[in-house]
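I have placed the structure first, in the form of structure tokens, so that the comments after it can refer back to it.
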Amino acid sequence: MSQIFEGYERQYCEISANLSRKCTAAVSLDGEKKKQKISEVRAGLEDAEALIRKMDLEARNLQPNVKAVLLAKLREYKSDLNNLKTEVKRIGFGNLNGAARDELLEAGMTDSLMASGDQRSRLMMATERLNHSSDRIKDSRRTMLETEELGVSILQDLHQQRQSLLHAHNTVFLH
């Protein structure tokens, strides 16, 4: 196995464990501290994604027998990362719901029941639209990453074909 891949893998495992701990800690926090912890986790998620892309490129440059094993590991890491992203969304969304609920409850009780019901329905519609947009962005990002992987694979195939052609050319003209 590649030492470079192993280095990336170690870094990813450390970041992943750290992000899991931060997610667990964020659940018990409120307000600004929770927002700050979620921001830290999101930054860590970006770092983890970058490491996964590096591991992917490194794995694709290795021999086919090693490559298959490493790509299987990468699929597990990507799944793990997606689970962390889902957890962060859940924690962040819970924070938004709590803040919105508190805001609605503080507005007044008697004559604001109608207004609060209207606000609640608008908030639910806005949340639904936001979730739908987030899903579309996630799908687009996944498509982009798959396209990037395909492009890398095609470039590697072209490189190998070029090497074969050069080798054949040299064999024909040098002998």
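Brief remarks follow.
- Packing rank of 78-86, 126-134, 166-174, 8-16, where each peptide gets the mean count of other beta carbons within 10 Å, highest leading: 8-16, 78-86, 126-134, 166-174
- Modelled this way, with points 7 Å down the Cα-to-C-beta line, the labels at Glu128 and Leu29 are 3.3 nm from one another.
- Stretch gain in nm, segment Gln161-Ala43, where the contour uses 0.36 nm per residue and the Cα spacing is subtracted: 38.5 nm
- Computed across the chain, the Kirkwood hydrodynamic radius from all distinct Cα-Cα pairs reaches 19.9 Å.
- Cβ-based charge dipole, the chain, positive-most Cα from Ala48, Leu150, Met124: Leu150
- Working note: Karplus 6.51/-1.76/1.60 with θ = phi - 60° gives the stretch 28-34 the couplings 8, 8, 10, x, 5, 4, 5 Hz, where Gly and Pro are set to x.
- The accessible area of Leu155, taken with all protein chains in place and a 1.4 Å probe, comes to roughly 120 Å².
- Excluding ligands, DNA and RNA, the accessible surface per residue across the chain is 72 Å² with a 1.4 Å probe.
- Lysine pairs with alpha-carbon atoms under 13 Å apart, the chain, spacing 8 or more or separate chains: 11
- Sorted largest first, extent of the stretch 1-67 alpha carbons per principal axis (Å): 50, 15, 14
- Among Glu146, Glu49, Glu40: highest mean-square fluctuation, GNM of the chain, C-alpha pairs under 10 Å: Glu146
- Accessible surface of the stretch 16-92 [probe 1.4 Å, protein heavy atoms]: carbon and sulfur percent: 51 percent
- Calculated from backbone phi, Karplus (6.51, -1.76, 1.60) coupling profile of the stretch 21-27 in Hz, x at Gly/Pro: 4, 5, 4, 4, 5, 5, 4
- Taking amide H atoms as placed 1.01 Å from N in the peptide plane, the amide H of Leu62 has no partner under 5 Å among residues 5 or more positions away or on other chains.
- Selection from Ser79, Ser133, Ala26 lying farthest towards where the dipole of the chain points positive, charges on Cβ: Ser79
The values are calculated or read from the model by the stated rules, or taken from the named source; none is laboratory data. Every value quoted in this text rests on a predicted model; they were computed, and no experiment measured them. Cβ sites come from the backbone with ideal geometry, for glycine too, and all protein chains shown count toward neighbours. Quick note on the areas: whole protein, heavy atoms, side chains included, nothing else; ligands and nucleic acids left out. Shrake-Rupley method; radii C 1.70, N 1.55, O 1.52, S 1.80 Å.
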